[in-house]
Amino acid sequence: MSSVEELQKKIRQLENELEAEKQKNRQVIRQKISQMSSEVVDSNPYSRLMALKRMGIVDNYELLLFDYDKVELANMNRLFYQPHQSGIQGGLKAGQPVDLVLSCVDNFEARMAINTACNELGQIWIESGVSENAVSGHIQFVIPGETACFGCAPPLVVATKTDEKTLKREGVCAASLPTTMAVVAGFLDFFPTMSMKPNETCDDRHCIRRQAEYKKREAAKPKTEKLEVKEEEVVHEDNPFEIELVSETTCEESEAAEGSQIQLAEGLKVAYTVPAPENNSGSGDTVETSGQSLDDLMAQMKSL
Amino acid sequence: MVDEATKKSLAQIPLLKTKAGPRDGELWVGRLKEEYQSLIKNNKDSDNDWFRLESNKEGTRWFGKCWYFHNLLKGGKICLTDHFKPLWARNVPKFGIAHAMSLGLGPWLAVEIPDLVDKGIITHKAKEEAAA
């Protein structure tokens, strides 16, 4: 049987050991860096973020990051996190307007959410993405109303409302895509660019509103004088059989079938037309919009 | 994926028309009216009357009660993320809250309740009282 002193000694020893263990696990917290520096040294976590400034593309800028994802172990090779930080919530928040929004998301639903918000706010943004096989991708600069929004010419899965999970491939690690992309980009020297007009039949009503605003702004601008080039009508010298070209369908008929036509530049025509929107008023399976107010309906619901 | 019983109850719920969200002002009020009309129609139909819902004034928060008949098979079982969500996405804006209850909550209950009963996590109240 050990004496009380011996036991107390044992306790002290154990306490010391515990303290030493605790000390080992204590993390050194880096002080907040007040000024982001573009200097490339291992102690500066911002050097990659500041690459644009270093390249002389931008003068001085502030970057706000929004990331509601949890930091995962698979992120470690690309992001400025260390393994012990996995599981923490990343991101900063801000309420003030920004000059440019950069979309860095990995699915179409999130892209459409950004698109909807930016159309509503009239916020300029850049959308970018890479295909699941990492050999193609796109970068789209969106000025709401002026250039096509993401919903104006949506990818097939979005347009057909297919579940985008069907795109995911077994055995493809999304986290390794940047590496593959970088290698592929090294081989390619093909990067076509084009300008895309907004779609007049875009599903997003804020996009339509922005388009109208843009048209108004353009119309208000002072017009530059245009030289009019008169084209002479082609009239054949003789037409003894009085042959004329007549359309099989009248303008009204085609409009009823295909909806209103988009105004295209001369010589262009659309390959596909969208059927005119169905008039639902005739079918009985939709809700009837009676004159009841919302309060009436709420009360009716309660009384059931 | 969707069985005949679900299809039948689904067909009885009137479809909605307005595509709008809570940020869309007057359009949202219209949508909300449609939601209420659709729910009222659904609850008046005795076969489909298994839940009660009400919302705040803005229609952004909904709360209520639902009833489930254990061991009385009604409707199929589907997974919310794999089955319900894509089905819902394909049917914007026609599907409303009543459809979500019928296609989402109903089948979800059909999966979860028997499981909870089997594990003994929930018990029947009336039986409990009788035993006590």
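The values are calculated or read from the model by the stated rules, or taken from the named source; none is laboratory data. Values in this document were obtained by computation on a predicted structure and should not be read as measured data. Glycine gets a Cβ as well: all are built from the backbone with ideal geometry, and neighbour counts include every protein chain shown.
Of everything in the stretch B:41-53, what is more than 15 Å from A:GLN292 (Cα to Cα) and either without any contact (Cβ under 8 Å) to a residue 12 or more places away in the chain or in a helix (DSSP H, G or I) (or both)? Give them in sequence order. Within the stretch B:41-53, B:ASN42, B:ASN43, B:LYS44, B:SER46, B:ASP47, B:ASN48, B:ASP49 meet the criteria. Of all the listed residues (A:GLU258, A:GLU253), the sole one being more than 30 Å from B:LYS41 (Cα to Cα), more than 14 Å from every other protein chain (Cβ to nearest Cβ) and at pLDDT 75 or above is A:GLU253. Within the stretch B:107-118, the set of residues being in contact (Cβ under 8 Å) with a residue 40 or more places away in the chain and closer than 14 Å to B:LYS85 by Cα comprises B:PRO107 only. Just one of the listed residues (A:GLY151, A:GLY186) is of a type in the set (Gly, Ala, Ser), under 14 Å from A:MET112 (Cβ atoms) and at pLDDT 75 or above, namely A:GLY151. Against the conditions (1) among the charged types (D, E, K, R); (2) loosely packed, with under 10 Cβ neighbours inside 10 Å; (3) under 29 Å from the mean Cα position of the chain (by Cα), A:ASP203 satisfies every one except (2).
Conditions (1) within 20 Å of A:VAL101 (Cβ to Cβ); (2) modelled with pLDDT under 70; (3) surrounded by 13 or more Cβ atoms within 10 Å (Cβ to Cβ); (4) of a type in the set (Gly, Ala, Ser), marked per residue:
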| residue | (1), (2), (3), (4) |
| --- | --- |
| A:GLN27 | no, yes, no, no |
| A:ARG30 | no, yes, no, no |
| A:GLU39 | no, no, no, no |
| A:ASN44 | no, no, yes, no |
| A:MET50 | yes, no, yes, no |
| A:TYR61 | yes, no, yes, no |
| A:GLN82 | no, yes, no, no |
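When restricted to residues that are surrounded by 10 or more Cβ atoms within 10 Å (Cβ to Cβ) and either more than 8 Å from chain B (Cβ to nearest Cβ) or modelled with pLDDT of 80 or more (or both), the stretch A:282-302 contains 9. Per the conditions (1) surrounded by 10 or more Cβ atoms within 10 Å (Cβ to Cβ); (2) modelled with pLDDT of 80 or more; (3) under 30 Å from B:GLN12 (Cβ atoms), the sole criterion not satisfied by A:GLU213 is (3). Within the stretch B:2-10, can one find any residue that is assigned to a loop (DSSP other than H, G, I, E, B), at pLDDT below 90 and either more than 15 Å from A:MET301 (Cα to Cα) or of a type in the set (Gly, Ala, Ser) (or both)? Within the stretch B:2-10 (the criterion being assigned to a loop (DSSP other than H, G, I, E, B), at pLDDT below 90 and either more than 15 Å from A:MET301 (Cα to Cα) or of a type in the set (Gly, Ala, Ser) (or both)), the answer is yes, since at least one residue qualifies. On the stretch given as the stretch B:73-132, residues that are β-branched (Val, Ile, Thr), at pLDDT below 85 and assigned to a helix (DSSP H, G or I) total 2.
In this structure, does B:SER9 turn out to be more than 8 Å from chain A (Cβ to nearest Cβ) and among the polar types (S, T, N, Q)?
In short, yes.
For the stretch B:28-40, taking the residues that are in contact (Cβ under 8 Å) with a residue 40 or more places away in the chain and closer than 12 Å to B:PRO14 by Cβ, the one that is surrounded by the fewest Cβ atoms within 10 Å (Cβ to Cβ) is identified as B:SER38.
One line per residue, one yes/no per condition, for (1) at the interface with another protein chain (Cβ under 8 Å from one of its Cβ atoms); (2) on the phi > 0 side of the Ramachandran plot; (3) under 20 Å from the mean Cα position of the chain (by Cα); (4) at pLDDT below 90:
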| residue | (1), (2), (3), (4) |
| --- | --- |
| B:THR18 | no, no, yes, no |
| B:ARG23 | yes, no, no, yes |
| B:VAL29 | yes, no, no, no |
| B:LEU32 | yes, no, yes, no |
| B:GLU35 | no, no, yes, no |
| B:ASN43 | yes, no, yes, yes |
| B:SER46 | no, no, yes, yes |
| B:LEU53 | yes, no, yes, no |
| B:ASN56 | no, no, yes, no |
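Taking the criterion of being in contact with a helix residue (DSSP H, G or I) (Cβ under 7 Å, 6 or more places away or on another chain) and more than 18 Å from A:CYS104 (Cα to Cα), the residues of the stretch A:136-157 that qualify are A:PRO144, A:GLY145, A:GLU146, A:CYS152, A:VAL157. Could you check the stretch B:41-62 and list, in sequence order, the residues that are within 23 Å of B:ASP24 (Cα to Cα) and not aromatic (Phe, Trp, Tyr)? Across the stretch B:41-62, the qualifying residues are B:LEU53, B:GLU54, B:SER55, B:ASN56, B:LYS57, B:GLU58, B:GLY59, B:THR60, B:ARG61.
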